[in-house]
Number of protein chains: 2
Amino acid sequence: MAPGRLPRASLPRDPAPAAEATRLHELLERLGAALRAEARAAGADLGLQPVHAEVLGYLGRCNRYSDGPLALAEYLGLTKGTVSQSIALLERRGLVARGDDPADGRKVHLRLTPAGKRALARLVPAGGLEAGADALGHAERAALLTALEGLLRALQRARGGRSFGVCGTCRHFLREPDGGRRCGLTREPLTERDATLLCREHEGLAPAAAGGP
Amino acid sequence: MAPGRLPRASLPRDPAPAAEATRLHELLERLGAALRAEARAAGADLGLQPVHAEVLGYLGRCNRYSDGPLALAEYLGLTKGTVSQSIALLERRGLVARGDDPADGRKVHLRLTPAGKRALARLVPAGGLEAGADALGHAERAALLTALEGLLRALQRARGGRSFGVCGTCRHFLREPDGGRRCGLTREPLTERDATLLCREHEGLAPAAAGGP
DNA sequence: CTCGCGTAGTATCGAGTCGATACTATATGA
DNA sequence: TCATATAGTATCGACTCGATACTACGCGAG
(Lines give C-alpha, C1' and ligand atoms only; values in the text may rest on other atoms or scores of the structure.)
Protein backbone atom coordinates (compact mmCIF):
# COMPACT_ATOMS: atom_id res chain seq x y z
CA MET A 1 0.00 0.00 0.00
CA ALA A 2 3.03 2.33 0.29
CA PRO A 3 2.81 4.93 -2.46
CA GLY A 4 6.34 4.49 -3.79
CA ARG A 5 7.58 5.31 -7.26
CA LEU A 6 6.27 3.59 -10.31
CA PRO A 7 8.64 0.85 -11.42
CA ARG A 8 7.88 1.52 -15.06
CA ALA A 9 8.20 4.79 -16.91
CA SER A 10 5.23 6.67 -15.56
CA LEU A 11 2.76 7.84 -18.14
CA PRO A 12 1.80 11.40 -17.31
CA ARG A 13 -1.72 10.97 -18.64
CA ASP A 14 -2.84 8.52 -15.97
CA PRO A 15 -3.89 10.53 -12.90
CA ALA A 16 -2.56 8.00 -10.41
CA PRO A 17 -4.49 4.73 -10.79
CA ALA A 18 -5.08 4.46 -7.06
CA ALA A 19 -6.72 7.88 -7.03
CA GLU A 20 -8.93 6.78 -9.91
CA ALA A 21 -10.02 3.67 -8.02
CA THR A 22 -10.75 5.79 -4.96
CA ARG A 23 -12.75 8.21 -7.05
CA LEU A 24 -14.71 5.31 -8.53
CA HIS A 25 -15.38 3.93 -5.08
CA GLU A 26 -16.55 7.32 -3.90
CA LEU A 27 -18.82 7.89 -6.88
CA LEU A 28 -20.48 4.51 -6.52
CA GLU A 29 -20.94 5.08 -2.82
CA ARG A 30 -22.48 8.51 -3.40
CA LEU A 31 -24.74 7.11 -6.09
CA GLY A 32 -25.74 4.25 -3.84
CA ALA A 33 -26.50 6.65 -1.01
CA ALA A 34 -28.56 8.87 -3.30
CA LEU A 35 -30.53 5.89 -4.59
CA ARG A 36 -31.03 4.75 -1.03
CA ALA A 37 -32.35 8.16 -0.08
CA GLU A 38 -34.76 7.97 -3.03
CA ALA A 39 -35.88 4.53 -1.95
CA ARG A 40 -36.36 5.80 1.58
CA ALA A 41 -38.54 8.65 0.39
CA ALA A 42 -40.52 6.38 -1.92
CA GLY A 43 -41.18 3.84 0.82
CA ALA A 44 -41.94 6.39 3.52
CA ASP A 45 -45.66 6.72 2.86
CA LEU A 46 -45.98 2.93 2.80
CA GLY A 47 -44.01 2.62 6.02
CA LEU A 48 -41.30 0.62 4.28
CA GLN A 49 -37.52 0.78 4.53
CA PRO A 50 -35.11 0.62 1.58
CA VAL A 51 -34.36 -3.00 2.35
CA HIS A 52 -38.04 -3.87 2.01
CA ALA A 53 -38.10 -2.51 -1.52
CA GLU A 54 -35.13 -4.71 -2.32
CA VAL A 55 -36.86 -7.76 -0.88
CA LEU A 56 -40.04 -7.13 -2.86
CA GLY A 57 -38.07 -6.46 -6.03
CA TYR A 58 -36.10 -9.64 -5.60
CA LEU A 59 -39.13 -11.81 -4.88
CA GLY A 60 -40.75 -10.50 -8.03
CA ARG A 61 -37.81 -11.64 -10.12
CA CYS A 62 -36.40 -14.85 -8.62
CA ASN A 63 -37.07 -18.45 -9.58
CA ARG A 64 -38.39 -21.32 -7.45
CA TYR A 65 -34.92 -22.36 -6.25
CA SER A 66 -34.23 -18.90 -4.94
CA ASP A 67 -37.34 -17.69 -3.12
CA GLY A 68 -36.38 -18.62 0.43
CA PRO A 69 -34.93 -16.60 3.32
CA LEU A 70 -31.45 -17.98 2.84
CA ALA A 71 -31.25 -17.03 -0.83
CA LEU A 72 -32.56 -13.61 0.09
CA ALA A 73 -29.89 -13.24 2.75
CA GLU A 74 -27.20 -14.11 0.22
CA TYR A 75 -28.64 -11.71 -2.31
CA LEU A 76 -28.75 -8.84 0.16
CA GLY A 77 -25.45 -9.64 1.84
CA LEU A 78 -27.11 -9.91 5.27
CA THR A 79 -27.43 -12.70 7.80
CA LYS A 80 -30.39 -15.03 7.70
CA GLY A 81 -31.50 -13.88 11.13
CA THR A 82 -31.71 -10.28 10.01
CA VAL A 83 -33.57 -11.20 6.86
CA SER A 84 -35.98 -13.38 8.80
CA GLN A 85 -37.15 -10.31 10.69
CA SER A 86 -37.69 -8.23 7.59
CA ILE A 87 -39.69 -11.06 6.07
CA ALA A 88 -41.79 -11.29 9.22
CA LEU A 89 -42.58 -7.61 8.95
CA LEU A 90 -43.56 -7.86 5.28
CA GLU A 91 -45.73 -10.83 6.11
CA ARG A 92 -47.46 -8.92 8.93
CA ARG A 93 -48.12 -6.15 6.43
CA GLY A 94 -49.64 -8.68 4.02
CA LEU A 95 -47.16 -7.95 1.24
CA VAL A 96 -45.48 -11.34 1.24
CA ALA A 97 -46.91 -14.83 1.73
CA ARG A 98 -45.10 -17.95 2.77
CA GLY A 99 -45.62 -21.48 1.49
CA ASP A 100 -44.17 -24.85 2.43
CA ASP A 101 -42.00 -26.95 0.19
CA PRO A 102 -43.78 -30.19 -0.81
CA ALA A 103 -40.51 -32.14 -0.89
CA ASP A 104 -38.41 -30.61 1.89
CA GLY A 105 -40.04 -29.70 5.17
CA ARG A 106 -37.28 -27.31 6.15
CA LYS A 107 -37.76 -25.01 3.20
CA VAL A 108 -40.03 -22.02 2.90
CA HIS A 109 -41.12 -20.42 -0.36
CA LEU A 110 -41.92 -16.73 -0.36
CA ARG A 111 -44.06 -14.95 -2.91
CA LEU A 112 -45.56 -11.52 -3.40
CA THR A 113 -49.21 -11.12 -2.58
CA PRO A 114 -51.34 -8.90 -4.85
CA ALA A 115 -50.84 -6.13 -2.29
CA GLY A 116 -47.11 -6.81 -2.42
CA LYS A 117 -47.10 -6.42 -6.19
CA ARG A 118 -48.99 -3.16 -5.91
CA ALA A 119 -46.53 -1.89 -3.31
CA LEU A 120 -43.62 -2.87 -5.52
CA ALA A 121 -45.11 -0.98 -8.46
CA ARG A 122 -45.34 2.14 -6.32
CA LEU A 123 -41.77 1.71 -5.14
CA VAL A 124 -39.97 1.27 -8.44
CA PRO A 125 -39.56 4.38 -10.53
CA ALA A 126 -38.67 7.65 -8.72
CA GLY A 127 -37.07 9.04 -11.91
CA GLY A 128 -34.03 11.27 -11.37
CA LEU A 129 -31.71 8.69 -12.78
CA GLU A 130 -33.51 8.58 -16.10
CA ALA A 131 -32.69 12.19 -16.82
CA GLY A 132 -29.02 11.41 -16.42
CA ALA A 133 -29.29 8.26 -18.48
CA ASP A 134 -31.06 10.12 -21.27
CA ALA A 135 -28.18 12.57 -21.46
CA LEU A 136 -25.92 9.72 -22.55
CA GLY A 137 -25.85 8.37 -26.09
CA HIS A 138 -26.81 4.83 -27.01
CA ALA A 139 -23.24 3.64 -27.18
CA GLU A 140 -22.23 5.37 -23.97
CA ARG A 141 -25.16 3.88 -22.12
CA ALA A 142 -24.38 0.40 -23.35
CA ALA A 143 -20.72 0.81 -22.38
CA LEU A 144 -21.75 2.06 -18.95
CA LEU A 145 -23.96 -0.96 -18.34
CA THR A 146 -21.22 -3.33 -19.46
CA ALA A 147 -18.64 -1.66 -17.24
CA LEU A 148 -20.95 -1.72 -14.21
CA GLU A 149 -21.75 -5.38 -14.78
CA GLY A 150 -18.04 -6.14 -14.80
CA LEU A 151 -17.52 -4.23 -11.56
CA LEU A 152 -20.41 -6.02 -9.90
CA ARG A 153 -19.05 -9.40 -10.91
CA ALA A 154 -15.63 -8.46 -9.59
CA LEU A 155 -17.11 -7.39 -6.28
CA GLN A 156 -19.22 -10.52 -5.96
CA ARG A 157 -16.23 -12.66 -6.79
CA ALA A 158 -14.07 -10.88 -4.20
CA ARG A 159 -16.69 -11.34 -1.50
CA GLY A 160 -17.25 -14.97 -2.44
CA GLY A 161 -20.89 -14.26 -3.05
CA ARG A 162 -23.26 -15.59 -5.65
CA SER A 163 -23.96 -13.80 -8.88
CA PHE A 164 -27.78 -14.24 -9.02
CA GLY A 165 -28.08 -14.06 -12.78
CA VAL A 166 -30.51 -15.49 -15.30
CA CYS A 167 -30.13 -18.70 -17.32
CA GLY A 168 -28.83 -16.92 -20.40
CA THR A 169 -25.55 -16.12 -18.65
CA CYS A 170 -25.26 -19.33 -16.63
CA ARG A 171 -22.93 -22.20 -17.35
CA HIS A 172 -25.48 -24.76 -16.18
CA PHE A 173 -27.98 -23.77 -18.83
CA LEU A 174 -28.55 -26.43 -21.48
CA ARG A 175 -30.24 -26.23 -24.85
CA GLU A 176 -31.69 -29.61 -25.81
CA PRO A 177 -31.76 -31.13 -29.32
CA ASP A 178 -35.54 -30.72 -29.43
CA GLY A 179 -35.21 -27.05 -28.65
CA GLY A 180 -36.21 -27.30 -24.98
CA ARG A 181 -34.40 -25.68 -22.06
CA ARG A 182 -32.92 -27.52 -19.14
CA CYS A 183 -30.84 -26.72 -16.07
CA GLY A 184 -27.69 -28.85 -16.03
CA LEU A 185 -27.52 -28.63 -12.27
CA THR A 186 -31.01 -29.70 -11.22
CA ARG A 187 -31.68 -31.58 -14.49
CA GLU A 188 -35.12 -30.03 -14.53
CA PRO A 189 -36.70 -28.64 -17.70
CA LEU A 190 -37.22 -24.88 -17.75
CA THR A 191 -40.01 -22.85 -19.24
CA GLU A 192 -39.33 -19.73 -21.22
CA ARG A 193 -40.29 -17.66 -18.21
CA ASP A 194 -38.06 -19.67 -15.86
CA ALA A 195 -35.10 -18.63 -17.96
CA THR A 196 -35.77 -14.95 -17.24
CA LEU A 197 -35.73 -15.25 -13.44
CA LEU A 198 -32.88 -14.74 -11.02
CA CYS A 199 -31.29 -17.91 -9.71
CA ARG A 200 -29.10 -18.38 -6.65
CA GLU A 201 -27.23 -21.24 -8.35
CA HIS A 202 -26.19 -18.98 -11.19
CA GLU A 203 -22.56 -19.21 -12.25
CA GLY A 204 -20.99 -17.04 -14.91
CA LEU A 205 -20.01 -18.44 -18.28
CA ALA A 206 -16.42 -17.37 -18.77
CA PRO A 207 -14.17 -18.34 -15.85
CA ALA A 208 -12.20 -15.19 -16.74
CA ALA A 209 -8.55 -15.27 -17.68
CA ALA A 210 -6.31 -16.73 -15.00
CA GLY A 211 -4.53 -14.20 -12.86
CA GLY A 212 -0.91 -15.13 -12.14
CA PRO A 213 1.78 -16.72 -14.32
CA MET B 1 -45.94 8.43 -17.15
CA ALA B 2 -48.14 6.34 -19.49
CA PRO B 3 -45.89 4.16 -21.66
CA GLY B 4 -47.41 5.14 -25.01
CA ARG B 5 -45.85 4.80 -28.43
CA LEU B 6 -42.76 6.61 -29.43
CA PRO B 7 -43.64 9.75 -31.37
CA ARG B 8 -40.64 9.31 -33.61
CA ALA B 9 -39.80 6.30 -35.72
CA SER B 10 -38.56 3.81 -33.15
CA LEU B 11 -35.04 2.55 -33.69
CA PRO B 12 -35.06 -1.24 -33.40
CA ARG B 13 -31.54 -1.36 -31.97
CA ASP B 14 -32.48 0.25 -28.67
CA PRO B 15 -33.61 -2.52 -26.30
CA ALA B 16 -36.46 -0.53 -24.79
CA PRO B 17 -35.01 2.60 -23.16
CA ALA B 18 -37.14 2.11 -20.07
CA ALA B 19 -35.70 -1.37 -19.56
CA GLU B 20 -32.21 0.06 -19.91
CA ALA B 21 -32.93 2.68 -17.29
CA THR B 22 -34.31 0.00 -14.98
CA ARG B 23 -31.27 -2.15 -15.53
CA LEU B 24 -29.04 0.82 -14.73
CA HIS B 25 -31.00 1.51 -11.58
CA GLU B 26 -30.71 -2.10 -10.55
CA LEU B 27 -26.99 -2.30 -11.22
CA LEU B 28 -26.27 0.84 -9.24
CA GLU B 29 -28.42 -0.41 -6.39
CA ARG B 30 -26.66 -3.79 -6.36
CA LEU B 31 -23.28 -2.10 -6.48
CA GLY B 32 -24.29 0.22 -3.68
CA ALA B 33 -25.50 -2.69 -1.60
CA ALA B 34 -22.27 -4.61 -2.22
CA LEU B 35 -20.17 -1.59 -1.25
CA ARG B 36 -22.32 -1.14 1.82
CA ALA B 37 -21.77 -4.77 2.77
CA GLU B 38 -18.03 -4.22 2.37
CA ALA B 39 -18.19 -1.11 4.51
CA ARG B 40 -20.16 -3.04 7.12
CA ALA B 41 -17.57 -5.78 7.23
CA ALA B 42 -14.71 -3.27 7.36
CA GLY B 43 -16.28 -1.34 10.23
CA ALA B 44 -17.40 -4.38 12.19
CA ASP B 45 -14.21 -4.84 14.22
CA LEU B 46 -14.22 -1.14 15.07
CA GLY B 47 -17.87 -1.27 16.05
CA LEU B 48 -18.80 1.21 13.34
CA GLN B 49 -21.69 1.26 10.89
CA PRO B 50 -21.44 2.14 7.20
CA VAL B 51 -22.78 5.60 7.87
CA HIS B 52 -19.94 6.25 10.32
CA ALA B 53 -17.39 5.54 7.62
CA GLU B 54 -19.15 8.06 5.42
CA VAL B 55 -19.10 10.66 8.17
CA LEU B 56 -15.39 10.18 8.83
CA GLY B 57 -14.62 10.23 5.12
CA TYR B 58 -16.57 13.43 4.65
CA LEU B 59 -15.03 15.21 7.62
CA GLY B 60 -11.60 14.38 6.26
CA ARG B 61 -12.38 16.10 2.98
CA CYS B 62 -14.67 19.07 3.65
CA ASN B 63 -13.82 22.73 4.08
CA ARG B 64 -14.49 25.05 7.01
CA TYR B 65 -17.90 26.10 5.70
CA SER B 66 -19.05 22.51 5.53
CA ASP B 67 -17.94 20.77 8.70
CA GLY B 68 -21.13 21.11 10.75
CA PRO B 69 -24.00 18.72 11.46
CA LEU B 70 -26.31 20.40 8.98
CA ALA B 71 -23.90 20.15 6.07
CA LEU B 72 -23.31 16.53 7.00
CA ALA B 73 -27.04 15.86 6.99
CA GLU B 74 -27.35 17.39 3.53
CA TYR B 75 -24.40 15.38 2.29
CA LEU B 76 -25.78 12.11 3.60
CA GLY B 77 -29.39 12.83 2.68
CA LEU B 78 -30.54 12.37 6.29
CA THR B 79 -32.22 14.63 8.80
CA LYS B 80 -30.15 16.71 11.19
CA GLY B 81 -31.62 14.87 14.14
CA THR B 82 -30.45 11.53 12.85
CA VAL B 83 -27.01 12.88 12.06
CA SER B 84 -26.75 14.49 15.46
CA GLN B 85 -26.97 11.06 17.06
CA SER B 86 -24.31 9.55 14.85
CA ILE B 87 -22.01 12.44 15.64
CA ALA B 88 -22.65 11.95 19.34
CA LEU B 89 -21.63 8.33 19.02
CA LEU B 90 -18.43 9.17 17.14
CA GLU B 91 -17.65 11.78 19.76
CA ARG B 92 -18.15 9.28 22.57
CA ARG B 93 -15.76 6.96 20.76
CA GLY B 94 -13.19 9.76 20.53
CA LEU B 95 -13.06 9.73 16.72
CA VAL B 96 -14.52 13.18 16.21
CA ALA B 97 -14.07 16.41 18.17
CA ARG B 98 -16.31 19.39 18.23
CA GLY B 99 -15.33 23.07 18.34
CA ASP B 100 -17.26 26.31 18.61
CA ASP B 101 -17.44 28.94 15.93
CA PRO B 102 -15.74 32.18 17.02
CA ALA B 103 -18.20 34.31 15.08
CA ASP B 104 -21.50 32.44 15.34
CA GLY B 105 -22.50 30.86 18.62
CA ARG B 106 -25.00 28.52 16.98
CA LYS B 107 -22.46 26.79 14.82
CA VAL B 108 -20.39 23.74 15.60
CA HIS B 109 -17.26 22.68 13.76
CA LEU B 110 -16.42 19.01 13.62
CA ARG B 111 -12.99 17.56 12.96
CA LEU B 112 -11.32 14.19 13.00
CA THR B 113 -9.20 13.39 16.01
CA PRO B 114 -5.95 11.47 15.44
CA ALA B 115 -7.86 8.32 16.41
CA GLY B 116 -10.52 9.26 13.89
CA LYS B 117 -7.92 9.58 11.15
CA ARG B 118 -6.52 6.18 12.05
CA ALA B 119 -9.98 4.65 11.98
CA LEU B 120 -10.66 6.23 8.60
CA ALA B 121 -7.45 4.79 7.20
CA ARG B 122 -8.51 1.32 8.32
CA LEU B 123 -11.93 1.79 6.79
CA VAL B 124 -10.99 2.95 3.32
CA PRO B 125 -9.65 0.27 1.03
CA ALA B 126 -11.32 -3.18 1.04
CA GLY B 127 -10.24 -3.83 -2.57
CA GLY B 128 -12.60 -5.92 -4.69
CA LEU B 129 -13.55 -2.96 -6.79
CA GLU B 130 -9.98 -2.37 -7.86
CA ALA B 131 -9.82 -5.73 -9.59
CA GLY B 132 -12.82 -4.78 -11.67
CA ALA B 133 -11.44 -1.33 -12.37
CA ASP B 134 -8.11 -2.79 -13.47
CA ALA B 135 -9.90 -4.93 -16.03
CA LEU B 136 -10.99 -1.77 -17.81
CA GLY B 137 -8.72 0.20 -20.11
CA HIS B 138 -7.67 3.79 -19.47
CA ALA B 139 -10.24 5.23 -21.81
CA GLU B 140 -13.05 3.04 -20.55
CA ARG B 141 -12.26 3.92 -16.96
CA ALA B 142 -12.26 7.62 -17.75
CA ALA B 143 -15.55 7.29 -19.62
CA LEU B 144 -17.04 5.38 -16.73
CA LEU B 145 -16.06 8.08 -14.24
CA THR B 146 -17.47 10.79 -16.48
CA ALA B 147 -20.74 8.94 -16.96
CA LEU B 148 -21.14 8.30 -13.23
CA GLU B 149 -20.42 11.93 -12.44
CA GLY B 150 -23.17 12.93 -14.83
CA LEU B 151 -25.61 10.53 -13.23
CA LEU B 152 -24.78 11.77 -9.76
CA ARG B 153 -25.31 15.36 -10.81
CA ALA B 154 -28.65 14.44 -12.36
CA LEU B 155 -29.76 12.69 -9.20
CA GLN B 156 -28.67 15.55 -6.97
CA ARG B 157 -30.42 18.03 -9.21
CA ALA B 158 -33.62 15.97 -9.19
CA ARG B 159 -33.59 15.75 -5.41
CA GLY B 160 -32.82 19.42 -5.04
CA GLY B 161 -29.71 18.55 -3.10
CA ARG B 162 -26.34 20.17 -3.06
CA SER B 163 -23.47 18.94 -5.18
CA PHE B 164 -20.64 19.14 -2.61
CA GLY B 165 -17.84 19.61 -5.11
CA VAL B 166 -14.45 21.31 -4.98
CA CYS B 167 -13.60 24.85 -6.09
CA GLY B 168 -12.33 23.76 -9.49
CA THR B 169 -15.84 22.90 -10.63
CA CYS B 170 -17.65 25.71 -8.80
CA ARG B 171 -19.09 28.80 -10.39
CA HIS B 172 -18.21 30.93 -7.36
CA PHE B 173 -14.50 30.27 -7.71
CA LEU B 174 -12.49 33.31 -8.71
CA ARG B 175 -8.95 33.61 -9.98
CA GLU B 176 -7.49 37.01 -9.08
CA PRO B 177 -5.19 39.14 -11.24
CA ASP B 178 -2.33 38.52 -8.81
CA GLY B 179 -2.81 34.76 -9.14
CA GLY B 180 -4.59 34.29 -5.82
CA ARG B 181 -7.78 32.30 -5.29
CA ARG B 182 -10.99 33.66 -3.86
CA CYS B 183 -14.53 32.46 -3.27
CA GLY B 184 -17.00 34.76 -5.02
CA LEU B 185 -19.68 33.87 -2.49
CA THR B 186 -17.92 34.50 0.83
CA ARG B 187 -15.35 36.90 -0.71
CA GLU B 188 -12.70 35.12 1.34
CA PRO B 189 -9.32 34.22 -0.10
CA LEU B 190 -8.61 30.51 -0.44
CA THR B 191 -5.40 28.62 0.05
CA GLU B 192 -4.30 25.95 -2.39
CA ARG B 193 -5.52 23.29 0.02
CA ASP B 194 -8.89 24.99 0.52
CA ALA B 195 -9.55 24.55 -3.16
CA THR B 196 -9.27 20.76 -2.86
CA LEU B 197 -11.91 20.38 -0.13
CA LEU B 198 -15.61 19.64 -0.47
CA CYS B 199 -17.89 22.62 -0.04
CA ARG B 200 -21.60 22.67 0.70
CA GLU B 201 -22.00 25.92 -1.24
CA HIS B 202 -20.66 24.31 -4.39
CA GLU B 203 -22.59 24.97 -7.57
CA GLY B 204 -21.75 23.41 -10.91
CA LEU B 205 -20.25 25.47 -13.70
CA ALA B 206 -22.41 24.71 -16.73
CA PRO B 207 -26.14 25.12 -16.12
CA ALA B 208 -26.48 22.26 -18.63
CA ALA B 209 -28.18 22.66 -22.00
CA ALA B 210 -31.84 23.59 -21.75
CA GLY B 211 -34.30 20.79 -22.26
CA GLY B 212 -36.70 22.02 -24.94
CA PRO B 213 -36.35 21.87 -28.73
C1' DC C 1 -33.25 -47.52 13.22
C1' DT C 2 -31.06 -44.24 15.53
C1' DC C 3 -27.21 -41.40 16.09
C1' DG C 4 -24.72 -37.64 14.38
C1' DC C 5 -24.26 -33.96 11.38
C1' DG C 6 -25.57 -30.53 8.17
C1' DT C 7 -29.11 -27.34 6.48
C1' DA C 8 -33.26 -24.10 6.72
C1' DG C 9 -35.28 -21.25 9.43
C1' DT C 10 -36.87 -18.77 13.89
C1' DA C 11 -36.46 -16.36 18.55
C1' DT C 12 -34.40 -13.10 21.32
C1' DC C 13 -31.28 -9.51 22.81
C1' DG C 14 -28.64 -5.27 22.51
C1' DA C 15 -26.63 -1.48 19.90
C1' DG C 16 -27.57 1.52 16.56
C1' DT C 17 -30.20 4.08 12.56
C1' DC C 18 -33.70 6.92 11.31
C1' DG C 19 -37.68 10.23 11.16
C1' DA C 20 -40.83 13.07 13.78
C1' DT C 21 -41.58 16.20 17.07
C1' DA C 22 -40.44 19.30 20.35
C1' DC C 23 -37.10 21.92 22.37
C1' DT C 24 -32.90 25.55 23.32
C1' DA C 25 -29.97 29.08 21.90
C1' DT C 26 -28.09 32.34 18.85
C1' DA C 27 -28.44 35.49 14.85
C1' DT C 28 -30.92 38.81 11.97
C1' DG C 29 -33.73 42.31 10.83
C1' DA C 30 -38.00 45.11 10.73
C1' DT D 1 -37.43 44.80 21.05
C1' DC D 2 -39.87 41.41 19.30
C1' DA D 3 -40.63 38.19 15.57
C1' DT D 4 -38.53 35.03 12.70
C1' DA D 5 -34.97 32.18 10.87
C1' DT D 6 -31.03 29.22 11.61
C1' DA D 7 -28.05 25.62 14.04
C1' DG D 8 -28.23 22.23 16.83
C1' DT D 9 -29.96 18.84 20.66
C1' DA D 10 -33.24 15.66 23.22
C1' DT D 11 -36.43 12.12 23.23
C1' DC D 12 -39.48 8.56 21.46
C1' DG D 13 -40.86 4.62 18.71
C1' DA D 14 -40.24 1.55 14.76
C1' DC D 15 -36.98 -0.72 12.55
C1' DT D 16 -32.24 -2.87 11.04
C1' DC D 17 -28.61 -5.69 11.96
C1' DG D 18 -25.42 -9.19 14.01
C1' DA D 19 -24.71 -12.67 17.49
C1' DT D 20 -26.17 -16.37 19.76
C1' DA D 21 -29.03 -19.93 20.75
C1' DC D 22 -32.62 -22.56 19.47
C1' DT D 23 -36.14 -25.91 16.65
C1' DA D 24 -37.09 -28.87 12.94
C1' DC D 25 -36.12 -31.52 9.10
C1' DG D 26 -33.10 -34.38 5.87
C1' DC D 27 -29.50 -37.58 5.14
C1' DG D 28 -26.14 -40.85 5.55
C1' DA D 29 -23.15 -44.31 8.44
C1' DG D 30 -23.09 -47.59 11.49
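The values are calculated or read from the model by the stated rules, or taken from the named source; none is laboratory data. No experiment lies behind these values; they were computed from the predicted model shown. Please note: Cβ atoms are built from the backbone with ideal geometry, for glycine as well, and neighbour counts cover all protein chains shown. These accessible areas exclude ligands, DNA and RNA; they are computed on the full protein's heavy atoms, side chains included. Shrake-Rupley method; radii C 1.70, N 1.55, O 1.52, S 1.80 Å.
Can you tally the net charge around B:G127? Count Lys and Arg as +1, Asp and Glu as -1, for every other residue whose Cβ sits under 13 Å from the Cβ of B:G127. Provide the component values of the computation, followed by the final result.
Working: positive: A:R157, A:R159; negative: B:E38, B:E130, B:D134.
Value of the local net charge: -1.
Which whole-Hz ³J(HN,Hα) couplings does segment A:196-201 yield from phi under the Karplus relation 6.51 cos²θ - 1.76 cosθ + 1.60, θ = phi - 60°, glycine and proline marked x?
9, 9, 6, 10, 6, 8
Please compute how much accessible surface disappears when B pairs with A, both sides summed, using a 1.4 Å probe, and round it to the nearest 100 Å².
Working: alone 14860 and 14850 Å², together 24560 Å².
So the buried area, both faces added, is about 5200 Å².
Per residue, how much accessible area does segment A:109-204 show when a 1.4 Å probe rolls over the protein heavy atoms, in square angstrom? Could the numbers behind the result be given before it?
Working: 5360 Å² over 96 residues.
On a per-residue basis, segment A:109-204 sits at 56 Å².
Please work out the Cα center distance from segment B:47-111 to segment A:19-83, rounded to the nearest Å.
Result: 26 Å between the Cα centres.
Got a number for carbon plus sulfur as a percent of the protein assembly as shown's accessible area, 1.4 Å probe?
For the protein assembly as shown, the apolar C and S fraction of the accessible surface comes to 56 percent.
What's the local net charge at B:F173, with K and R +1, D and E -1, over the other residues with C-beta under 9 Å away? Mind dumping the intermediate values first?
Values: positive: B:R171, B:R175, B:R181, B:R182; negative: none.
That sum, taken over residues with Cβ under 9 Å, equals +4.
For segment B:71-81, in order, what is each residue's ³J(HN,Hα) by Karplus, 6.51 cos²θ - 1.76 cosθ + 1.60 with θ = phi - 60°, in whole Hz (x at glycine and Pro)?
4, 4, 4, 5, 4, 7, x, 10, 7, 5, x
Calculated FRET efficiency, B:R187 and B:D45, Cβ-Cβ r, R0 51 Å, to nearest 0.05? If you can, show how the numbers build up before the last one.
Numbers: r = 46 Å, r/R0 = 0.90.
E between B:R187 and B:D45, to the nearest 0.05, is 0.65.
Just how large is the dipole of the protein assembly as shown about the Cα centre, in debye to the nearest 20, putting +1 at every Lys and Arg Cβ and -1 at every Asp and Glu Cβ? Spell out each step's value before the answer.
Numbers: 62 positive and 48 negative charges, 100 e Å.
Using only the charged Cβ atoms, the result is roughly 480 debye.
How would you classify segment B:81-213 from its alpha-carbon gyration tensor, with a ≥ b ≥ c the square roots of the eigenvalues: rounded for a/c under 1.5, else prolate if a/b is greater than b/c, otherwise oblate? Let's see the in-between values first.
Working: a/c = 1.68, a/b = 1.13, b/c = 1.49.
Taking the square roots of the gyration eigenvalues as a ≥ b ≥ c, segment B:81-213 is oblate.
On the rotation axis linking copies A and B, which residue of A comes nearest by its Cβ, and by how many whole Å?
So the chain A residue sitting closest to the axis is A:G32, 1.
Sum up the charges of everything whose Cβ sits under 11 Å from the Cβ of A:D101, counting Lys and Arg as +1 and Asp and Glu as -1, but leave A:D101 out. Present the calculation step by step, with values, prior to reporting the outcome.
Numbers: positive: A:R64, A:R98, A:R106, A:K107; negative: A:D67, A:D100, A:D104.
Around A:D101, the charge tally is +1.
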